[in-house]
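The values are calculated or read from the model by the stated rules, or taken from the named source; none is laboratory data. Note that the coordinates shown come from a computational prediction; the quantities given were computed from them, not determined experimentally. Cβ sites come from the backbone with ideal geometry, for glycine too, and all protein chains shown count toward neighbours. For accessibility, only protein heavy atoms count, side chains too; no ligands or nucleic acids. Shrake-Rupley method; radii C 1.70, N 1.55, O 1.52, S 1.80 Å.
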Amino acid sequence: MKYLHLLFAALFRKKTRTVLTLLSVTAAFALFGLLDTVRVAFSAPETVSGIDRLIVASRFSIIQPLPYAQLARIASVPGVKGVTYANWFGGIYQDPKNFFANIAVEPRSYLELYPELVMPAGEREAFLKTRTGAIVGPRSPSASAGRSATRFP
């Protein structure tokens with residue numbers, strides 16, 4: 001602590017050198033982050049489940065749904081083994097400050113195309129039979145890993 005004033009004196013003695021040094025350190029971290037993102041993007045296909053899935057969305061927005069007629073057209077493309085749809089909509093819980101994302105799906109085809117959504121057989125059947133059912137994941141990755149809950153309003 002007794003040499004802190006010397007550190008500040010040296011830093012502000014040549015302001016241009018200090019600013020350029022800080023900019024170069026910032027640029028180095030930014031480049032590292034970008035290059036690491038590229039590395040992960042090229043190595044991720046081996047580790048991602050659903051690598052053989054193609055997600056089709058509107059060119060305007062993620063919340064703008066495609067026409068329902070496109071479902072049959074996509075299903076008729078050679079090589080397509082299954083088709084389902086999902087529509088994002090915002091939701092609130094008791095108070096507008098408690099916003100969370102919701103995705104409306106066709107349950108049977110969606111669960112067939114997303115086998116990583118693992119849940120007990122009873123909960124799965126209850127979700128398939130109830131129009132207003134919901135699948136709610138764990139609160140955090142560490143809390144009850146791999147388990148899900150089915151909630152009904």
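Given the options PHE32, PHE100, PHE12, state which has the largest fluctuation in a GNM of the chain using a 10 Å cut-off (strictly under) for Cα springs. With Cα springs under 10 Å in the chain, the top fluctuation among PHE32, PHE100, PHE12 is at PHE12.
Can you give me the % of accessible surface on the chain that is carbon or sulfur? Probe 1.4 Å, all protein chains present, nothing else counted.
65 percent
If you sort LEU11, LEU22, LEU71 by accessible surface, 1.4 Å probe, largest first, the order is LEU22, LEU11, LEU71. Ranking ILE103, LEU23, GLY79 by how far each Cα lies toward the positive end of the dipole of the chain (charges on Cβ) leaves LEU23 at the top.
Rolling a 1.4 Å probe over the protein heavy atoms leaves LEU54 with an accessible area of roughly 150 Å².
Scalar couplings 3J(HN,Hα) for the range 23-31, obtained by applying the Karplus form with A = 6.51, B = -1.76, C = 1.60 to θ = phi - 60°, are 5, 5, 5, 4, 5, 5, 5, 5, 5 Hz; x denotes Gly and Pro. The simple spin-label model puts a point 7 Å past each Cα toward its Cβ; for ALA69 and LEU22 those points are separated by 5.9 nm. For the chain, the relative contact order is 11 percent, taking Cα pairs closer than 8 Å that sit 6 or more residues apart in sequence and dividing their mean separation by the residue count. Put a dot 7 Å past the Cα of SER76, heading toward its Cβ, do the same for ILE92, and the two dots end up 4.3 nm apart. Helix 4-13 against the longest principal axis of the chain: what's the angle in degrees, Cα atoms only, rounded to the nearest 10? Helix 4-13 sits roughly 90 degrees off the main axis of the chain.
Summed over the residues of the chain and divided among them, the accessible surface reaches 84 Å² per residue at a probe radius of 1.4 Å. A Förster radius of 35 Å combined with the Cβ-Cβ distance from VAL105 to PHE29 puts the calculated FRET efficiency at roughly 0.30. Computed from point charges on the beta carbon alone (+1 for Lys and Arg, -1 for Asp and Glu), the dipole magnitude for the chain about its Cα centre is near 800 Debye.
In plain terms, if you count all Cα to Cα distances in the chain and split them into 5 Å steps from zero, the share in each step is 1, 6, 9, 12, 13, 13, 10, 7, 5, 5, 5, 4, 4, 3, 1, 0 percent. Highest GNM mean-square fluctuation among THR37, THR26, THR16, for the chain modelled with Cα contacts below 10 Å: THR16. Of all lysines in the structure, those lying under 23 Å Cα to Cα from LYS2, and not within fewer than 8 positions of it along the same chain, are LYS14, LYS15.
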